Every structure is written in C-alpha cells, then in structure tokens.
Amino acid sequence: MNKETEGTLLAFIGLFLYGIEPVVIKANPANPMSFAAFSAIIASFILWPIVFSTSSWKDVKENPQYIPKAVLVGIFGTALAYIAYSYGAQLSTAINASLITRAEVLFSFVLAYILLRERITREQVLWSVLILLGLVLVITQGKPVVPKKGDLLLLLVPLFWQSGHIIAKKLPYNPFLIAAFRNTFGGILLFILALPQGLEFSKFAMAEAIILSLGQVIWYLSIKRINLSKATAIITPAPAVAIGLALLLGEKFTGYHMIGFILITIGTLMVSRIKSELKEPA
C-alpha cells in the first residue's frame with residue numbers, strides 16, 4: 001500500500017472517529033466534568049507509550065523551557081474545550097454539537113491573523129460568511145430567538161481548540177508529545193475541578209479517550225502521507241456521521257440542519273483550499 005492510499009485511508013478513519021464523538025459525548029450519563037477528566041487522563045495513558053516508542057520525549061530534554069506553554073495547550077485545548085463540549089452537548093443535541101464545532105475554521109484564521117500575522121484574503125472572508133450563515137441557521141432554526149445556553153457553550157469549543165493550536169504551533173515538540181502533554185495537563189486540571197462534584201466513571205469516557213488519542217495520532221499520521229488540504233477535505237463531512245447516528249437515537253433533523261450542514265461543509269472545504277500567507281510588514 002503506497003503513502004497516498006495509506007494517508008487517505010487514515011483520514012477516512014479520522015472522519016468516522018470525529019463523526020461519532022459528539023454522539024458519544026451526548027450519550028454520556030455521568031457528570032460532564034468527571035466525564036471530561038477521565039476521558040483526557042485515559043487518553044494520556046494511551047499516548048505516552050507512543051511518545052516513548054517514537055523517542056519523542058527527547059524533545060523535552062532539549063527544550064524544557066517550553067513546558068509551561070505545553071501546560072497552556074492542555075488548559076485551552078483540552079480542559080476548557082471539553083468542559084464547554086461536555087456541558088454544551090448535554091444542554092443541546094448531538095447534531096447541533098457536530099455542526100457548531102465546525103466553526104473552528106472561523107476562529108482559526110481570526111486568531112491566526114491577530115497572533116500569527118497570517119493574512120486574511122477576500123476569498124476567506126467570503127467563504128467564512130457562508131460558514132457563519134450555516135451556523136446561524138443551525139442555532140436559530142430560522143427563527144429570531146436567543147441562542148440556547150448549550151449552543152453558546154458549543155461555540156466556545158472551537159475557540160478554545162484554536163487557542164490551544166496557536167500555542168502548540170510555536171512549540172518545538174513532536175506532535176505526539178504535544179498531544180500527550182495536552183491531554184495530561186488538561187486531564188489533571190479537569191480531575192481537580194471534578195473532585196468537588198464527585199468522580200463518576202462512565203464507559204463512554206473510555207470511548208471518548210480512544211477517540212481523543214487515536215483521532216490525534218491518526219490525523220498526524222495522515223497529514224504526513226497526504227496533503228493537508230486533502231486530509232482536511234476528507235474529514236470535513238464528519239458531521240454527516242454524527243447526524244446519521246443521532247437520527248438512529250431519535251434526534252430531530254430539520255431542513256435548517258440540512259442547509260446549515262451544506263453551507264458549513266462547502267465553506268470549510270473552500271477555505272481549506274486557500275494558500276496560507278503572512279501579512280506584509282507595515
């Protein structure tokens with residue numbers, strides 16, 4: 001099997017994993033904080049053996065001064081993101097969770113513009129408006145209503161993810177090591193926050209841990225074999241998997257969900273095809 005085929009297959013596995021994630025989070029019967037804590041901690045247990053088997057741990061020995069930034073990746077990318085995700089999905093629906101978290105691409109280039117000096121083109125703005133319109137339709141269902149608390153929490157998820165990615169991009173560490181640190185530090189914080197509410201283990205936390213760890217590893221392995229734009233295009237329709245599973249579980253799928261899904265998918269695919277550029281110096 002050649003690299004192109006391997007990378008494509010891995011990306012499709014990632015598509016399925018990311019597609020079932022909101023359904024798993026929604027189905028969790030345990031305390032959301034406890035669920036998030038156990039998910040991240042178990043994910044870190046899965047990732048550390050990979051780190052040591054690939055000798056990625058040596059990056060820490062060479063650059064120990066970046067560990068505080070790795071802690072921040074855990075705080076934003078895992079702890080805050082999964083607090084918002086777990087509570088948001090419980091207060092909303094798996095379908096909404098799968099679609100609203102696709103707003104990650106919007107936060108991505110806004111934060112990159114501010115913090116990484118990446119250039120925003122008119123084409124990016126155009127397709128981003130399409131994504132935004134899709135999100136509005138999903139959240140409001142075409143009615144002039146105040147967004148539900150769960151949907152607002154879900155909107156914070158991609159913001160926290162991208163904040164973590166911005167910090168991670170500046171770390172001189174192997175991606176597997178970053179993923180292990182992210183889940184370890186995030187998991188520890190979540191565990192501390194969960195203690196006052198009482199720890200409650202759920203089998204769904206194990207499923208989420210597998211999704212977290214394998215999803216990250218499979219993504220990094222995929223983009224090493226195929227173009228980032230192709231891998232992104234393959235996983236973009238991930239909400240379709242969540243929608244199918246949610247329908248089987250009895251959730252309602254409206255015409256506004258369908259239109260929103262189409263707009264978000266088209267907008268994300270088009271944005272992913274735009275070449276990255278830096279802003280010209282003032």
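The values are calculated or read from the model by the stated rules, or taken from the named source; none is laboratory data. The shown structure was predicted, so the numbers you read here are calculated from the model rather than taken from an experiment. Cβ atoms come from the backbone with ideal geometry, glycine included; neighbour counts cover every protein chain shown. Ligands, DNA and RNA are stripped out before the accessible areas are found, and what is left, the full protein with its side chains, is counted by its heavy atoms. Shrake-Rupley method; radii C 1.70, N 1.55, O 1.52, S 1.80 Å.
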- Please find, among 70, 103, 112, the residue that is more than 20 Å from residue 242 (Cα to Cα), at pLDDT below 90 and not hydroxyl-bearing (Ser, Thr, Tyr). 112
- Message: So for segment 30-39 (the condition being under 27 Å from residue 102 (Cβ atoms) and part of a loop (DSSP other than H, G, I, E, B)), does at least one residue qualify?
- Response: yes
- Query: For residues in segment 7-16 being in contact with a helix residue (DSSP H, G or I) (Cβ under 8 Å, 6 or more places away or on another chain) and open to solvent by 20 Å² or more (accessible area, probe 1.4 Å), which is nearest to residue 219 (Cα to Cα)?
  - Reply: 10
- Item | Among the candidates 173, 85, residue that is in contact with a helix residue (DSSP H, G or I) (Cβ under 9 Å, 6 or more places away or on another chain), hydroxyl-bearing (Ser, Thr, Tyr), in contact (Cβ under 8 Å) with a residue 12 or more places away in the chain and not in a helix (DSSP H, G or I) | 173
- Message: Checking the condition β-branched (Val, Ile, Thr), under 17 Å from residue 39 (Cα atoms) and touching a residue at least 60 places away in the same chain (Cβ under 8 Å), which residue from 188, 192 passes?
- Response: 188
- Query: Of the residues 79, 84, 37, which single one is out of contact with any Gly (no Cβ under 7 Å at 6 or more places or on another chain) and of a type in the set (Gly, Ala, Ser)?
  - Reply: 84
- Regarding residue 161, is this residue part of a helix (DSSP H, G or I), modelled with pLDDT under 90, out of contact with any Phe, Trp or Tyr (no Cβ under 9 Å at 6 or more places or on another chain) and closer than 19 Å to residue 238 by Cβ? no
- Note on the structure: Residue set 220, 256; condition on the phi < 0 side of the Ramachandran plot, at pLDDT below 90 and either of a type in the set (Val, Ile, Thr) or in a helix (DSSP H, G or I) (or both); output residue 220
